[in-house]
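Peer 1: Below is one structure. I have some questions about it.
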Number of protein chains: 2
Amino acid sequence: MYDLLKGLRVVEGSAFVAAPTCGLYLAQMGAEVIRFDNIGGGPDFRRWPLAENGSSLYWEGLNKGKKSIAIDLAAPAGREIAQRLAAAPGPDAGLFVTNFPVDGFLSYEALKKRREDLICVRVMGWADGSQGMDYTINSALGLPLMTGPADDPRPVNHVLAAWDLLTGAYCAFSLVSALLARMRTGEGREIRAPLSDIGAATMANLGFTAETLLAGHQRPRMGNDIFGAFGRDFTTRDGQTLMLLAITPKQWSKALEVLGLAADVAGLEAELGVSFAADEGLRFTHRARLYPLFEQAFAQRTAADLGPAFDAGGVTWGAYQPLEAALEDPRLYKGNPLFEEIRHPSGLSYPAPGAMATLRPDARGPVQAAPKLGAHTDEVLAEVLGMSASEIGDLHDAGVVAGADGR
Amino acid sequence: MYDLLKGLRVVEGSAFVAAPTCGLYLAQMGAEVIRFDNIGGGPDFRRWPLAENGSSLYWEGLNKGKKSIAIDLAAPAGREIAQRLAAAPGPDAGLFVTNFPVDGFLSYEALKKRREDLICVRVMGWADGSQGMDYTINSALGLPLMTGPADDPRPVNHVLAAWDLLTGAYCAFSLVSALLARMRTGEGREIRAPLSDIGAATMANLGFTAETLLAGHQRPRMGNDIFGAFGRDFTTRDGQTLMLLAITPKQWSKALEVLGLAADVAGLEAELGVSFAADEGLRFTHRARLYPLFEQAFAQRTAADLGPAFDAGGVTWGAYQPLEAALEDPRLYKGNPLFEEIRHPSGLSYPAPGAMATLRPDARGPVQAAPKLGAHTDEVLAEVLGMSASEIGDLHDAGVVAGADGR
């Protein structure tokens, strides 16, 4: 927890990854983020991985530091509460993050009637409002056909929901940007962020689309070869797989030096009449000639020998390791000040991270766990909507809202 | 171009993907973003893909809408210009985005001497300041060992630089958040965003680390199977590959309906004593029994038949298509209002996107191309640093700065 966004009140009506990470990033920078869900949980409340007792480790990872209110979103009275929360009053509120349907009861038009200067950030699948998820947007963009070994034509999906994650962070950026604009002009707006547009724009930003237009076809599949420079996985004498890469001249010269390949590569340069040091693209063009030299050099050394030599020589490299090894890796998890062992709604205690960036000279406040579903129902109704205890009691009795006990 | 961030002046000293996308997102929301580079270009200036004339399509994709100043960053006078730009005066300036080394001439400590309330957002590789890139952070997090067909043990790198992209968007969010805080308190700060921390935190946010701690090992490799629910690629009678998924009860029932599998699946549920509708996880647990039913159903239909039936029935699905087909797809590129055909520094004209989100009711301004390297050198020196024409001339003569002609 940092306090950059202290005083902001953001309401989140969401599920899955993109909109919840947007709320997570805001909460961990100090905003009050109130997530509403259906009583009993939304479609992501039991999403795997699960703890043994059935609690979702996914849900409790994505909702850290938020408040939770549980509402019957099928009931008209419940829908009204959701609308009123989204349009909550105050100069630092009226900030709503959602992936609810664009034309439903949480449409911008419906909410704008309740608060003219509302800022609504809406994660969508396809830009036309039709259903799309990370998997189906990704399959439409060509990436699974570019991914994986060149000798296997099967499409390979990414395991990391990259489009969801990029969309979530971009939505957090858009929300604070819209708040700055509202502070200046008094005007609110709806920000629509469809995964399809985020994906289409990103493939263009990185040059993939221009490349495809020029070539007439997308980049061919090439395993782990780094496109347009030198890099790939190589195997050591003891069977370890290491990623080595050299984009800059310095990265290239250092790799050659530690691997003892300078003379061999100079010979190849003379034969081909090229300078690999001056042009990273030539290393890619001639990679079929370069790879055997590197394969032989790796095959003569163990990982225990090469790793420290690479580090000492300033080479850009990395070992492939499974996540259980990463958890013991002091560069990632072990002792990383981002992480703190805390107790989660599942009842389990395990390390969890706060904000992903480190602010200096700010103190890093304690990592906050996710709430139990409905834990802040009464608090939110009273503080945000100004309801009396008897009004809140009536809503519980009518089954329109529920607390952490599910009632 | 939108104008949410109108009036902000951001200086970017960067290369590759993460820091440049941060600047790109800021520029496309209306900030003035001034990127400085070495005369002749930084380490990413010739990054592939290239146009036939050697211009980088990658560089011109990532730097749209920015201004460019070219400086000799090895010369003391050049370094002083870079420092003065980073710490540029004014309430809406002093905003610096970089991936330069944490302890070099662009360290926070050095810059803070020039502007006490500076906001510096710094992309890093590893949190300890050592070299790390998307490829090597990713290999350390276990994902390449979880990706790809289960029958092939080779690590599979992602083609999309997901950690770079997430970091860039998170940095844009952090920068605007820090500006909001500075407006409130007058204080600046350094925000360090190492890819290693962004990766480690994200694997935890999504539940991967808790899952690994509980199981003692990371998630096994499982091809394109969606973890914890139902989904995979299936092949139609005419050999097309389609992604189908069902996480919610509605997604599941609609898929069964269109594929005519309701009775078969009910039979399997009776045999196993489970309800697939009520619990997405059971669909995953018993996927080896479910897959053959779906494989047969897909094998009986063509893609031309199934696609419209899926759409009409509200099924969540997607075809795998290469990027050249995506470019003709009206849901992604063809006619997408994000895109505009513009002329780029390479001399080529092709469609490029503006901001990735769509703001309502704001008008979407024209898409801005990337600058030629050094195109704004004189303008920036005069307007931001208040230099006279003769001072600027002297800097050119001394080779400390260069314009678009390289001199």
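Peer 1: Relative to the other copies, what are the label-point distances for B:PRO308, with labels 7 Å from Cα along the C-beta vector, expressed in nm at one decimal and sorted shortest first?
Peer 2: Here the equivalent label points are 6.9 nm apart from this one.
Peer 1: For chain A, what does -39500 (n - 2.57) per DSSP helix run (n ≥ 4), summed and divided by total residues, give at 222 nm, in deg cm²/dmol to the nearest 500?
Peer 2: -11000 deg cm²/dmol
Peer 1: Straight-line reach from A:LYS113: which aspartates and glutamates have a Cα under 15 Å away, not including same-chain ones fewer than 8 places off?
Peer 2: Once the sequence-local aspartates and glutamates are set aside, what remains near A:LYS113 is A:GLU80, A:ASP103, A:GLU187, A:GLU190.
Peer 1: Give me the percent of the accessible area of chain B that comes from carbon and sulfur atoms, probe 1.4 Å, all protein chains in place.
Peer 2: 53 percent
Peer 1: Tell me the angle of helix B:303-313 to the major Cα principal axis of chain B, expressed in degrees between 0 and 90 and rounded to the nearest ten.
Peer 2: 90 degrees
Peer 1: Okay, moving on. When the Karplus curve 6.51 cos²θ - 1.76 cosθ + 1.60 is applied with θ = phi - 60°, which whole-Hz ³J(HN,Hα) does each residue of the stretch B:140-154 get, with x for Gly and Pro?
Peer 2: Those phi angles translate into 7, 9, x, 4, x, 8, 9, 9, x, x, 5, 8, 9, x, 5 Hz.
Peer 1: For A:LYS372, go through the aspartates and glutamates and keep the ones whose alpha-carbon is under 18 Å away, minus same-chain ones fewer than eight residues off.
Peer 2: Excluding near neighbours in sequence, the set is A:GLU12, A:GLU32, A:ASP37, A:ASP44, A:GLU52, A:GLU60, A:ASP72, A:GLU341, A:ASP405.
Peer 1: With a 1.4 Å probe and all protein chains in place, put B:ASP238, A:ASP225 in order of accessible area, largest first.
Peer 2: Descending accessible area places them as B:ASP238, A:ASP225.
Peer 1: Around A:ALA27, what is the net charge, scoring Lys/Arg as +1 and Asp/Glu as -1 over all other residues with Cβ under 13 Å from its Cβ?
Peer 2: Residues near A:ALA27 contribute +3 overall.
Peer 1: Here's a follow-up. Per residue, how many Å² of accessible area does chain B show with a 1.4 Å probe?
Peer 2: Accessible surface, normalised per residue, equals 35 Å².
Peer 1: Remind me, relative contact order of the stretch A:1-159 in percent, using alpha carbon pairs under 8 angstrom and six or more residues apart?
Peer 2: Once normalised by length, the contact order is 20 percent.
Peer 1: Along Cα→Cβ at 7 Å, what distances in nm separate the A:THR185 label point from those on the other copies, shortest first?
Peer 2: Output for A:THR185: 3.0 nm, nearest copy listed first.
Peer 1: Counting only other residues whose beta carbon sits under 13 Å from that of A:LEU160, what net charge do I get with K and R as +1, D and E as -1?
Peer 2: Within the 13 Å Cβ shell, the charges total -3.
Peer 1: Set Lys and Arg Cβ to +1 and Asp and Glu Cβ to -1, take the dipole of the protein assembly as shown about its Cα centre, and tell me which of B:VAL97, B:ALA150, B:TRP317 lies farthest positive.
Peer 2: Comparing the listed Cα positions along the dipole, B:VAL97 ranks first.
Peer 1: Between B:LEU268 and the same site in the other copies, what are the distances in nm, shortest first, taking label points 7 Å from Cα along the C-beta direction?
Peer 2: For B:LEU268, the inter-copy label distances come out at 4.9 nm.
Peer 1: What's the Kirkwood radius of the protein assembly as shown in Å, using all Cα pairs?
Peer 2: About 27.4 Å for the protein assembly as shown.
Peer 1: Moving on to the next point. Which aspartates and glutamates have a Cα lying under 19 Å from the Cα of B:LYS334, excluding residues fewer than 8 positions away in the same chain?
Peer 2: Cross-link targets: A:ASP128, A:ASP197, A:GLU211, B:GLU324.
Peer 1: Net charge within 12 Å of B:SER196 by Cβ-Cβ distance, Lys/Arg positive one each and Asp/Glu negative one each, not counting B:SER196 itself?
Peer 2: Cβ neighbours under 12 Å give a net charge of -2.
Peer 1: Would you mind checking A:LYS6/B:LYS6; A:LYS67/A:LYS112; A:LYS67/B:LYS112; A:LYS64/B:LYS66; A:LYS64/B:LYS254 for any pair whose Cα atoms are more than 27 angstrom apart?
Peer 2: Table pairs above 27 Å Cα-Cα are A:LYS67/B:LYS112; A:LYS64/B:LYS66; A:LYS64/B:LYS254.
Peer 1: List the accessible area buried at the contact between A and B, summed over both sides and calculated with a 1.4 Å probe, in Å² to the nearest 100.
Peer 2: Buried: approximately 12100 Å² between B and A.
Peer 1: I've got another one for you. How long is the stretch B:230-319 along each principal axis, judged by its Cα atoms, biggest number first, in Å?
Peer 2: So the extents along the principal axes, rounded to whole Å, are 36, 21, 19.
Peer 1: Report the calculated FRET efficiency for A:ARG364 and A:ALA278 (r = Cβ-Cβ distance, R0 = 35 Å), to the nearest 0.05.
Peer 2: 0.20
Peer 1: If you don't mind, another one. With the contact rule set at Cα under 8 Å and sequence spacing of 6 or more, what percent relative contact order holds for chain A?
Peer 2: 19 percent
Peer 1: Here's a follow-up. Can you tell me the orientation of helix B:287-299 relative to chain B, as the angle in degrees between its alpha-carbon axis and the longest Cα principal axis, to the nearest 10?
Peer 2: 90 degrees
Peer 1: Between the stretch B:333-390 and the stretch A:18-85, how far is it from one alpha carbon centroid to the other, in angstrom?
Peer 2: One Cα centre to the other: 38 Å.
Peer 1: In percent, how large is the relative contact order of the stretch A:230-319, given Cα pairs closer than 8 Å and 6 or more residues apart?
Peer 2: In percent, rounded to a whole number, it is 45.
Peer 1: List the residues of the stretch B:169-191 that lose 20 Å² or more of accessible area once all protein chains are present, compared with their chain alone (1.4 Å probe, heavy atoms only, no ligands or nucleic acids).
Peer 2: B:ALA169, B:TYR170, B:PHE173, B:VAL176, B:SER177, B:LEU180, B:MET183, B:ARG184, B:ARG189, B:GLU190, B:ILE191
Peer 1: Still on this structure, please answer the following. Kindly express, to the nearest 10 degrees and within the range 0 to 90, the angle between helix B:249-259's C-alpha long axis and the longest C-alpha principal axis of chain B.
Peer 2: The angle comes out near 60 degrees.
Peer 1: Could you give the C-alpha radius of gyration of chain B expressed as a fraction of 2.2 N^0.38 Å, taking N as the number of residues it contains?
Peer 2: After normalising by residue count via 2.2 N^0.38 Å, the value is 1.19.
Peer 1: Using protein chains only and a probe of 1.4 angstrom, how many square angstrom of A:ASP164 are accessible, to the nearest 10?
Peer 2: The value for A:ASP164 is about 20 Å².
The values are calculated or read from the model by the stated rules, or taken from the named source; none is laboratory data. Just so we're clear, the structure is a prediction, and the values are computed from it rather than from any experiment. Cβ sites come from the backbone with ideal geometry, for glycine too, and all protein chains shown count toward neighbours. The protein model used for the area step is the full one, side chains on, heavy atoms only, and it has no ligands, DNA or RNA in it. Shrake-Rupley method; radii C 1.70, N 1.55, O 1.52, S 1.80 Å.
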